[in-house]
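Just so you know, all these numbers are worked out from the coordinates, no wet-lab data involved. Since the model is a prediction, treat every value here as computed from it, not as a measurement. In this analysis, Cβ positions are derived from the backbone assuming ideal geometry, glycine residues included, and neighbour counts consider all displayed protein chains.
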Amino acid sequence: MSVEKHGNRLRVLIADDDEQILECYQGAFGRSEATSTMATLDSLEADLFDPKTDIKETPEFDVVSCSQGEDAITLAEQAAQEDHPFDVVILDVRMPPGIDGVEAGTRIRKLDPNVEIVFVTGFSDISREELAKRIPPPMKLHYYDKPLSFTQLVKDVASMIEAN
């Protein structure tokens, strides 16, 4: 596991124990030909129907992924030591057999109080309120239920960073 520096691109760390879901994240945050085509179509649509609309291009992301909470903490520590922290950390709540995403998020927040943390889960065994109590501040904490729209998540992540 290593963290590479790539200029001003947004840095995203993703931890999920399901390899197929990690691949979906990689595809969603990656700059594919389909993503570029959609951006071009959005721009053309704005020019045709509302030339005053300023279409914001989806930012480019550097994505680092792992399958366990301990690995996510190690990557966040390494990024902090290199003075190149992640902008967003996306954590699955459950990642057996190791620590869960909540514990990983708690420890990552101690390393970097400014990081946006996104929890994704298929289970409702921990409430948003409980997460906010355990991992403040609540305005830097986000929660998504599986199944989720990866396209919407990418847009939301870009908005989280833009708001800061």
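One chain, two ends: residue 149 and residue 134. Fully extended at 0.36 nm per residue, the span grows by 2.8 nm beyond their Cα-Cα distance.
Among 68-74, 124-130, 108-114, 149-155, the peptide with the highest mean count of other Cβ atoms within 10 Å heads the list, and the full ranking is 68-74, 108-114, 149-155, 124-130.
In a simple Cβ point-charge model (Lys, Arg +1; Asp, Glu -1; nothing else charged), the range 96-157 has a dipole of about 180 debye relative to its Cα centre.
Each label point was placed 7 Å from the Cα along the Cα-to-Cβ direction; for residue 125 and residue 77 their separation is 2.6 nm.
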